[in-house]
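Everything below concerns the one structure shown next.
The values are calculated or read from the model by the stated rules, or taken from the named source; none is laboratory data. Nothing here was measured: the structure is a model prediction, and the numbers come from that model. No Cβ is skipped: glycine too gets one built from the backbone with ideal geometry, and neighbour counts run over all protein chains shown. Note: accessible area is taken over every heavy atom of the protein model, side chains too, but ligands, DNA and RNA are not part of it. Shrake-Rupley method; radii C 1.70, N 1.55, O 1.52, S 1.80 Å.
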Amino acid sequence: MRRALISVWLLLIAASASAQVERGELRVVVTDATGLSLRVSGTLASEAPQTYRAFTTDDEGRFTLGRVPFGVYRLIIERSGFLPHSAIVDVRSVLPRVLHVELALAPFASQVVVSDAPPLVDPGRTGVAYAVGAPQIRDQLSAIPGRRLLDVIDRQPGWLMEANGVLHPRGSEYQTLFVVDGVPMDENRSPAFAPDLQDAEVHAVTVLTGNYPAEYGRKLGGVVEVTTSHDVQRGFHGSAELGGGSFGTATGFFSGTYGWARRALTASASAARTGHYLDPPVSANFTNAGSLGGVTARYDDLPSDADRIHVRWHHRQTAFLVPNENFQQAAGQRQDRDGREDLGQAAWTRILFSRVVFNARGVVQHLSASLRSNAYATPIAVSQDRAFTRGYANASLAADAGRHQLKFGGDVVFAPVNERLDYQITDPSFFDQGTPLAFHFSDRRRDREQSVFAQDTVSLGQFTFSAGLRWDHYSLVVDDSAFSPRLGAAWSWPAADLVLRASFDRVFQTPALENLLLASSPLVDELNPVTLRIPVRPSRGNYFEGGVTAALARKARLDVTAYRRTFDNFADDDVFLNTGIGFPIAFEFASVRGVDAKLTLPSWHHLSGFLSYSNLKGTADLPVAGGLFLGSAALEALEETGSVPITQDQRHTLRAQLRYQLNSRAWLAGGVRYGSGLPVELDDPWEAETLAAQYGPAILDRVDLANGRVRSNLSIDAGVGAELWRRDRRRLAVRAELANLTDRLNVINFAGLFSGTSVALPRSATIRLEYEF
């Protein structure tokens, strides 16, 4: 049966399809009462999802807005001498929608005011989606280069950014699926593992934590849809940024696009350096310099009303030092890490039979990373090289069938994986007697994965239902497959701007690829023959959630979701002895439950902002499979039975921001980030004296050893921005931020068997100059 499914799908697939779902297209045509084409300006805006897109039609009065997320929008068309046009537009189909707008001449000496309030609630969503538009992304200043996108995601409820920019959606480790312009990236995208996603190019982000379409798979703790592509506009336009800040931080970015009638060519480049790249294990911030950079080229073409072509290539790289703790700094340790990514993709979209859309996409990606230790490394000197080259192909058909929005398709992945790791113990007293002083590992395997899916969304009055089924096959260190049903339902009360929703997701999650071969290899048993090496298997989960979305006094929106997740082979990771190298592990079983809430204030008397809150409790059952553990204490802990808190078990997480628009050119903002603290895996209280010398007494004071928790963390931030100059489409603006105003010492993790020790950013300042043309 499985071979038959694969064979049928391989006959259907020619390239691959856009992995982003629920995207439509609007084609605006504007004329006057006589049918004469008009060149006008317009905006498409919504808070459901949060979107703001400005455009100008061509001389024929036409403009195409592509990749519009499903939702409810307010469209405003304006031209001097004509009455403005305002309308609500509901985007629910993958097929292009043509909007013919006829502007009437304005009466002499009249003043017409149109409602520009964007919709707050989308009545057709069976799950909550947190969308962040371009203006909000631009306002986000990250004190550490390469983390702007990660900081935007961390502000959403249900997400926790742990040490070194690792995102955890609802307690899941390394189970975040990034979908960048339709390309799924299920590898770890944290700064310590891969080059950044060139976040200055990002124009829109949609964050999902449940009710996943069947099209998504492999990593489903949370999904982040990222859009970098622009609408095709005539002429030369683009943006540039220069920034600087604390720790010798300097950043630069440039992007330029030249557009013709139906095609555009874009090139961009970015570079940054800083003296605070990772989250160090001590407050002294030893050996923590880093640099990153990249270039991108993109070509978009609309050869006909039925075709879309997209070609993209990028090269990105990063180089940084692994921060030392006190003993390592005294010994003179230096560990250098670097990473590189090259990616090319080509996509084609074709409208068939006026009601069907075919998508095809092909991707080739090479991602590599290495680590080098000098002769003074202690207690262990490690060197590592890892790389994979991934070929990805995906194809799908989507159809608008009246009340039904249908889609089916699938994909294939082929990825040769290479791993090499060597270590040499330089301080035997740190380890148990009999631990091998040297170890060498090298292996190469081929990752083969296939999937097929079918999904439907149907609208029946006030009710919306979604249903999907996905089949996955995975073959790397183990061979496994699974069927995953997805169900969702929503009921809307338009008069009250209220939506009730519920969903169930069955997920099949593949292990993290980084160092998976070593984590699952029986060769590791040589380090301690008492243990039995069990390969890391895919995780299976059942996600249940229910919630409500409501507009409050038509000024604010409230989203509340309660959820419960259970897992077999719960995925986590093990940080190897403060080297920054992580190894995938899996607990036998885990349960996570919680509540996410977000109050969004789009605009009210010059004020805008949000308040997000998450409550989470997660436990995992021992034993553990995978990882690379040295020492009898660690091994004894792994062989125990019973339940332990998951490493991301932070009970209370709060994010808030308030922005005040001083006038049309200047604004002020303030924000708060709070976390109640992660669990501490310290069983022997006599270790405290050694840990105080290793990490410093100030850090030890930030740990509640009696309750097994890191003490709460709190950061208060402030920002200011101003538009310095504007003429036509050109503008010059400046933004500045002061993070962690009180310079509070916030400890993220402490001496964890799986997570190590890390300290959050101290007080730091950032400033950025932006030019758009």
Amide H neighbours of F286 under 5 Å, at least 5 residues apart or on other chains, H built in the peptide plane: list them. N324
Expressed in angstrom and rounded, the centroid-to-centroid distance over alpha carbons for region 381-448 and region 565-613 is 22 Å
Alpha carbon convex hull of region 162-223, projected area averaged over orientations, nm²: 4.5 nm²
Could you check how much of the accessible area of region 648-773 is carbon and sulfur, as a whole percent, using a 1.4 Å probe? 56 percent
Would any residue of region 182-201 have its amide N under 17 Å from a label point 7 Å out along Cα→Cβ of Q317? List them or say none. 193-198
Considering the alpha-carbon set of region 306-451 alone, what are its Rg and its Dmax in angstrom? 23.7, 73
Show the residues, 5+ positions off or on another chain, whose built amide H is closer than 5 Å to the amide H of V417. R445, R446, D447
For region 394-469, what number results from the quotient of the Cα radius of gyration and 2.2 N^0.38 Å? 2.25
Give the accessible surface of the chain per residue, rounded to a whole number of Å², with probe radius 1.4 Å and ligands, DNA and RNA excluded. 40 Å²
Report, to the nearest whole %, how much of the accessible area of region 245-332 belongs to carbon and sulfur atoms, 1.4 Å probe, protein only. 64 percent
Computed from the mean reciprocal separation of all distinct C-alpha pairs, what Kirkwood hydrodynamic radius does region 113-269 have, in Å? 17.3 Å
Mean shadow area of region 274-385, taken as a quarter of the surface of its Cα convex hull (nm²): 9.9 nm²
What is the spin-label model distance, in nm, from F430 to A765 if the labels are put 7 Å beyond Cα along the C-beta direction? 3.8 nm
Mean Cα-pair separation over length for the chain, i.e. relative contact order, pairs under 8 Å, 6 or more apart, %: 10 percent
Calculate what fraction, in whole %, of the accessible area of region 360-424 sits on carbon and sulfur atoms when a 1.4 Å probe is rolled over the protein chains. 65 percent
Can you work out ³J(HN,Hα) from phi for every residue in region 273-288, in order, using Karplus 6.51 cos²θ - 1.76 cosθ + 1.60 and θ = phi - 60°, giving whole Hz and x for Gly and Pro? 9, 7, x, 9, 8, 9, 8, x, x, 9, 6, 6, 6, 6, 6, 10
Once the Cα gyration tensor of region 662-746 is diagonalised, semi-axes √(5λ) in Å: 44, 12, 9
Value of Rg to Rh for region 199-269 (Rh from inverse mean 1/r over Cα pairs, i.e. Kirkwood): 1.12
Computed [θ] at 222 nm, helices only, for the chain once each DSSP H run of length n ≥ 4 contributes -39500 (n - 2.57): -2000 deg cm²/dmol
State the three equivalent ellipsoid semi-axes of the chain, derived from the C-alpha gyration tensor as the square roots of 5 times its eigenvalues, in descending order and whole Å. 44, 30, 25
Run the numbers for R744 and A330: contour at 0.36 nm per residue of separation, minus the present Cα-Cα distance, in nm. 146.5 nm
